[in-house]
Amino acid sequence: MNTLKIGDKIPAFECLDNTGNIIKSDNFKGKKLIVFFYPRANTPGCTAEACNISDNYSKLDKMGYNILGVSCDKVETQNKFSNKFGFQYPLLADTEKKLVKLFGVWGPKKFRGKEYEGIHRMTFIFDEDLVLTRLIDKVKTKEHADQIINGWNFFNCIRKAFSFLLDQKHF
């Protein structure tokens, strides 16, 4: 697996969302973006994660984030999942596994002693220049929005502290 690293630009992509619209990476130029990958729609962990993000959508929106959920499920499956829970953000149907490979989240996994290829649950957070600023690779499905928000608060605090020190010419 060759996962994106902090400082990498978002890879160019286009993919159908849960309503059949084409979503392109270029659509998000000048906007902050959260892209979260989950293994399979309508499973317990993926539902908990997607619902937690949806429950905190207004907070993330106020912080200026656009949100995309991605799995390899079909458009129809993503649409049923989205409609069932009323998600306010698009779910991308990466049936050809292009995005999971571009972002480096497709790879070997183990479950009950069995090895197989699948999606590793990860979240990528991009700034307005579509540069990766944070990667969450240990997702807590029921607390994922807090991971995003609290990490942003910490990152923003550090940025302000360095900015202050530079303004004061302490370096």
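Structure summary
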item: Residue list for region 9-33, restricted to those being over 19 Å from D73 (Cα atoms) and touching a helix residue (DSSP H, G or I) at 6+ places or on another chain (Cβ under 7 Å); result: I10, P11, A12
item: Selection status of N21, free of Cβ contacts under 8 Å to residues at least 40 places away in the same chain and farther than 22 Å from K142 by Cα; result: no
item: Filter pass, R40 being touching a Gly at 6+ places or on another chain (Cβ under 9 Å) and either free of Cβ contacts under 8 Å to residues at least 12 places away in the same chain or surrounded by 12 or more Cβ atoms within 10 Å (Cβ to Cβ) (or both); result: yes
item: Region 58-79 - residue that is over 23 Å from D129 (Cβ atoms), buried (at least 16 other Cβ atoms within 10 Å of the Cβ) and not β-branched (V, I, T) and, of those, nearest to the chain's Cα centre (by Cα); result: S71
item: Scope region 1-22; condition surrounded by fewer than 17 Cβ atoms within 10 Å (Cβ to Cβ), at pLDDT 95 or above and of a type in the set (A, V, I, L, M, F, W, C); matching residues; result: A12, I22
item: Selection count, region 117-133, where residues are in a loop (DSSP other than H, G, I, E, B) and within 12 Å of K31 (Cβ to Cβ); result: 4
item: Meets criteria (at pLDDT 95 or above and within 21 Å of L132 (Cα to Cα)) for A93; result: no
item: Lone qualifier among G107, G86 - being surrounded by fewer than 18 Cβ atoms within 10 Å (Cβ to Cβ), out of contact with any strand residue (DSSP E or B) (no Cβ under 8 Å at 6 or more places or on another chain) and in contact (Cβ under 8 Å) with a residue 24 or more places away in the chain; result: G86
item: Matching residues, region 113-128, being without any contact (Cβ under 8 Å) to a residue 40 or more places away in the chain and either among the acidic types (D, E) or under 18 Å from C46 (Cα atoms) (or both); result: E115, E117
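The values are calculated or read from the model by the stated rules, or taken from the named source; none is laboratory data. Just so we're clear, the structure is a prediction, and the values are computed from it rather than from any experiment. Glycine gets a Cβ as well: all are built from the backbone with ideal geometry, and neighbour counts include every protein chain shown.
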